[in-house]
Amino acid sequence: MGEIIQIVILGLALGGVYALMGSGLSLVFGVMRIVNLAHPSLIMGGAYVAYWGFKLYGVDPLIMLPVAVVILAATAVILYKLVFEREARSAKYSEMTVLLTFALAMVVEGALGTAFTNTQRVTSPDYATDAFFIGDVFIPKGQLYAGMVSLAIIGALALFLKYSRFGYAIRATTQNREAAELLGVNVNLVGLVSFAIGIGLAGAAGSLVSFVFSFYPSKHWEWIAILMSLVVLGGMGSILGTVLASLILSVIAAFVGTYFGATWSTLTFFVALFVVLMVRPQGLFGEKPELA
Amino acid sequence: MTSLDTNEVITARKAYYAGLAGEADKGRSVWFPIAVLALLLALPALQFTGNYNYLIHLVLFTASYVVMASGWNILGGFAGYISLGHNVFFAIGGYFAGMIFARYGISTIILAPLAGLVAAVFGYVIGLITLRVRGPSFIISSLALVMIFKILFDNWDFVGGSNGLSLPANDLPVQWAKLPYYYAFVVMAAFTVWASYRIRHSKFGLGLRAISKDEIKSESAGINTRFYKVLAFAISAFFVGMAGAVWGEYLTYIRPNIFLIILVSVNMVLMCILGGKGTVAGPVIGAILLVVFNEFFVATLGASEINIFATGMIMMLCLMFFPLGIVGTLARLKKLPRILNWD
């Protein structure tokens, strides 16, 4: 019994981090219909911000988090202006952007790899290797903090989307772009801001990831499939769905990892992605079957 | 009042189309690809005058990508289903032929068509499953497929797991050692381009192009879209698998890291986009350009990371400013040189 609780707790803590990694992706898809395959590589960028902040100046990754958010959000604004604004008029837009963001992911990977080489890195504040003990069950502090911070950020995002005026505009654009535009929402601005928020979340996730996983630039390919599985299972565009999907899949993956070995735990995500796409492409909470 | 006989109308229409096709044929320079092929077949004679192994390797490498990119083009270009997971079939072909070669010593060059068929069977089955979805979902499912196969091959001890398997090298003198593979790839490339031409000009190819324009309309026009798509998937898997078969023996080892890295599938996609997807000549031109680019980047900058950066950059610029590719853009401007008009 103790073992099962242990596995569930580890899975949930990791699931919290995955939830933050996936929610930016989901937000961007919901508002802009961009399947942003470059999201994980931008998370990698956030991880490097936190890593160098810690390595060079000894700043805690949790304090570097806002810095990473700002840097990544600024990058997002530039990318949006340069690339995505003009693409929005193209006919096969959503298919086009998949390839485009795929290429962008390679650009980011290549740039990070050139700058920082492909060696494995991990930020190591004290709590990253420490743990709480409750009876037999241990809770790694790093994963616990990361999971809690990420759920707090997602909570704040949800409140913003639900109660602020701009949040209304974002949700309106997600539900129906044309109708929102007709009612006077500046959809282009909404697109820009939610893209910046989404990529900013990638920065936040990156600084959390930096002490939870070891990372190197080409690792983002693995994350792409993991994050896609969360977002697709949750229903593209639904942030609540993404959070639930991450918690569910991470716990399942933790069980698979314990009983069958660590390699197979990642396979859980990939198989889930494949099966969900084939069986229920709209996911748990998705409403728009148009992607299918 | 004139009475219209259906048969007369049909004959008249047939004659009209034959006239159009004849006109198109007049504008086509068939001699050019044949001359290129003859040149490539004669190229190894250079070995009598010195060591041109590097040149031979480059042509071989390009030819292998011509096979793969043209194969990919049948699904991605003609039918419009973009797959980022076609290196799965590269791996299947490579492992199938490589394992038989390692166990029974039958050369992979002989096994290549068989390996292609095995890949095609896999492609057929996978296509039956994944082609139910379209657009972004299909692309993402193809990525998931690569990840799944990577883990499976990495952990399949029978084929050597992630360390792979080394294959015996042939015992020809160094000067001639590359030649069997060279000829195999050049012949395969020629065959692939020919097949791609024939497919484009068949009823099947017409159906695929209709699917890429509007799948729902083509279905209501009576095309069995599901069968067409799955068949296109299988055929494109056939070519990619065939290339994989010989590639393993040429490198003298097979390993998941050779076949199942993302760069291989990206190259296939990028070559088609760069050259012009949906055209016969596009993948060939794309393959030549990209191999030259790659050699240039590796030779001048040396690092594979820069190579990834540059590949991504070319792909982005291409997609943003040049979505029809070289052949497609030139054809739209009606400036396509006759020697490149292979469609």
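Bear in mind these aren't lab numbers, they're just calculated from the coordinates by the rules spelled out. Given the structure is predicted, the values throughout are model-derived calculations rather than measurements. As a convention, Cβ positions derive from the backbone with ideal geometry for all residues, glycine included, and neighbour counts pool all protein chains shown.
Numbers at a glance
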{"read-out": "Farthest positive-ward along the protein assembly as shown dipole, Cα basis, beta-carbon charges - from A:Pro140, B:Trp176, A:Thr268", "value": "B:Trp176"}
{"read-out": "Coordinate range along principal axes, alpha carbons of region A:153-278, Å, largest first", "value": "54, 33, 25"}
{"read-out": "Simple spin-label estimate for A:Arg280 and B:Leu263 in nanometres, 7 Å along Cα-Cβ", "value": "4.0"}
{"read-out": "Estimated D of region A:7-77 in µm² per second, where Rh is the Kirkwood radius over Cα pairs and Stokes-Einstein applies at 4 °C, 1.567 mPa s", "value": "96"}
{"read-out": "Residues of type lysines that B:Lys14 reaches as a straight line, Cα spacing below 21 Å, ignoring anything fewer than 8 places off in the same chain", "value": "B:Lys26, B:Lys203"}
{"read-out": "Using alpha-carbon coordinates, inclination of helix B:225-251 to the longest axis of chain B, degrees", "value": "30"}
{"read-out": "Computed P(r) (all Cα pairs; the protein assembly as shown; 10 Å bins; percent)", "value": "3, 15, 25, 25, 17, 10, 4, 1, 0, 0, 0"}
{"read-out": "Furthest towards positive pole of dipole, B:Val230, B:Gly205, B:Ile261, structure part region B:200-272, Cβ charges", "value": "B:Gly205"}
{"read-out": "Length gained when the stretch B:Ile339-B:Ala35 is fully extended (0.36 nm per residue, less Cα-Cα span)", "value": "108.4 nm"}
{"read-out": "Cα-projected label distance for B:Ile110 with B:Phe296, points at 7 Å along beta-carbon direction, nm", "value": "4.3"}
{"read-out": "Residue-by-residue Karplus 3J(HN,Hα) for region B:33-43, coefficients 6.51, -1.76, 1.60, Hz, glycine and proline x", "value": "x, 5, 5, 4, 4, 4, 4, 5, 5, 8, 3"}
{"read-out": "Taking region B:29-340 and dividing mean pair separation by its residue count, relative contact order in percent (alpha carbons under 8 Å, at least six apart)", "value": "32"}
{"read-out": "Alpha-carbon Rg with Dmax, taken over region B:76-129, Å", "value": "12.8, 40"}
{"read-out": "Net charge of neighbours whose Cβ lies under 13 Å from the Cβ of B:Tyr54, counting Lys and Arg as +1 and Asp and Glu as -1", "value": "0"}
{"read-out": "Alpha carbon centroid spacing (whole Å) that separates region A:12-83 from region A:229-281", "value": "21"}
{"read-out": "Convex hull (Cα only) mean projected area of region B:56-209, reported in nm² to one decimal", "value": "10.0"}
{"read-out": "Using alpha-carbon coordinates, inclination of helix A:262-279 to the longest axis of chain A, degrees", "value": "30"}
{"read-out": "Fraction of the pair-distance distribution of region A:229-290 above 13 Å, Cα-Cα pairs, percent", "value": "57"}
{"read-out": "Per DSSP, loop trypsin sites (Lys or Arg not before Pro) in region A:119-215 with at most 11 further Cβ within 10 Å", "value": "none"}
{"read-out": "Rg over Rh, two decimals, chain A (C-alpha only, Kirkwood Rh)", "value": "0.96"}
{"read-out": "Kirkwood Rh in Å, taken over all unlike Cα pairs in region B:44-103", "value": "13.9"}
{"read-out": "Positive-end residue, the protein assembly as shown charge dipole about Cα centroid, Cβ charges, pick of A:Ile43, A:Ala253, A:Leu99", "value": "A:Leu99"}
{"read-out": "Computed over region A:104-150, the ratio Rg/Rh where both radii use C-alpha atoms and Rh is Kirkwood", "value": "1.22"}
{"read-out": "Under 15 Å from A:Lys219, Cα to Cα: aspartates and glutamates that are on another chain or at least 8 residues apart", "value": "A:Glu109, B:Glu305"}
{"read-out": "Simple Cβ-charge dipole of chain B, Lys/Arg +1 and Asp/Glu -1, about Cα centre, in debye nearest 20", "value": "800"}
{"read-out": "Under the Karplus curve 6.51 cos²θ - 1.76 cosθ + 1.60, θ = phi - 60°, whole-Hz ³J(HN,Hα) for region A:76-86, x wherever Gly or Pro sits", "value": "4, 4, 4, 4, 4, 5, 6, 10, 7, 4, 6"}
{"read-out": "Cα-based shape type of region B:279-343, given that a ≥ b ≥ c are square roots of the gyration tensor eigenvalues and the cut on a/c is 1.5", "value": "prolate"}
{"read-out": "Within straight-line cross-link reach of A:Lys162, lysines at Cα separation under 28 Å, skipping those fewer than 8 residues along the same chain", "value": "A:Lys81, A:Lys288"}
{"read-out": "Calculated FRET efficiency for the pair A:Lys55/B:Lys213, C-beta based, R₀ 60 Å, to 0.05", "value": "0.65"}
{"read-out": "Sorted by Cβ density within 10 Å, fewest first, the residues B:Ile148, A:Ile197", "value": "B:Ile148, A:Ile197"}
{"read-out": "With eigenvalues of the C-alpha gyration tensor scaled by 5 and rooted, region B:29-340, Å", "value": "29, 24, 19"}
{"read-out": "Residue-averaged 222 nm ellipticity for chain A, from DSSP H runs of 4+ at -39500 (n - 2.57), nearest 500", "value": "-25000 deg cm²/dmol"}
{"read-out": "Integer Hz, Karplus 6.51/-1.76/1.60 couplings in order for region B:122-136, x for Gly and Pro", "value": "4, x, 4, 5, 4, x, 4, 7, 7, 7, 6, 10, 9, x, x"}
{"read-out": "With Cα atoms, 0 to 90° folded angle of helix A:239-260 axis to chain A main axis", "value": "30"}
